[in-house]
Amino acid sequence: MVISSIKMKSVIDSLRRFGARRILLFGSYAETPEKAQDVDLAVEGIPLARLLDADVAVSDILAVPCDLVSREENPDFFKIIQNSGKVLYEEG
């Protein structure tokens, strides 16, 4: 499964509207997109109360399952992802 750059830009734009200040791609899609079954994204800045809505919005755009990991919800895991994930967006 390879996602077009247009869809990925739509994902980034959508997550920014939810308040994302940083977005990282990790997991199977970051390593081997053609074999991936889902998309894993780590986000910083989205309030926990809006995380589920953001997850649904991204899944709708991509038409594949998406897992969002929030820095605010899981800071230790986010630190690990920072070292291996691919930065898709960083405010600043």
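The values are calculated or read from the model by the stated rules, or taken from the named source; none is laboratory data. Predicted, not measured: the structure shown is a model, and the values here were computed from it. For neighbour counting, all protein chains shown are included, and Cβ atoms are generated from backbone atoms with ideal geometry for every residue, glycine included.
Would you check if Asp60 is buried (at least 18 other Cβ atoms within 10 Å of the Cβ), assigned to a helix (DSSP H, G or I) and without any contact (Cβ under 8 Å) to a residue 24 or more places away in the chain? It is false that Asp60 is buried (at least 18 other Cβ atoms within 10 Å of the Cβ), assigned to a helix (DSSP H, G or I) and without any contact (Cβ under 8 Å) to a residue 24 or more places away in the chain.
All of Leu15, Leu25, Leu52 fail the test of being part of a strand (DSSP E or B) and either on the phi < 0 side of the Ramachandran plot or acidic (Asp, Glu) (or both), apart from Leu25. Candidates are the residues of the stretch 30-45 that are outside any strand (DSSP E or B) and free of Cβ contacts under 8 Å to residues at least 40 places away in the same chain; the one that is nearest to Leu62 (Cα to Cα) is Asp38. Among the residues of the stretch 27-52, the ones that are under 13 Å from Val11 (Cα atoms) and out of contact with any Cys (no Cβ under 7 Å at 6 or more places or on another chain) come to 3 in all.
If I filter the stretch 17-35 down to residues being under 22 Å from Phe77 (Cβ atoms) and charged (D, E, K, R), which single residue comes out as surrounded by the fewest Cβ atoms within 10 Å (Cβ to Cβ)?
Glu31
Taken as a whole, the structure leaves Ala54 outside the set of residues that are of a type outside the set (Val, Ile, Thr), crowded, with 20+ Cβ neighbours inside 10 Å and in contact with a Gly (Cβ under 7 Å, 6 or more places away or on another chain). Look at the stretch 10-29: where a residue is closer than 13 Å to Asp53 by Cα and a partner is part of a helix (DSSP H, G or I) and among the basic types (Lys, Arg), sitting 6+ places away or on another chain with Cβ atoms under 9 Å, you get Phe18/Arg50; Gly19/Arg50. Specify the residue that is modelled with the lowest pLDDT; the eligible residues are those in the stretch 9-58 that are aromatic (Phe, Trp, Tyr) and closer than 20 Å to Glu91 by Cβ. Of everything passing the filter in the stretch 9-58, Phe26 is modelled with the lowest pLDDT.
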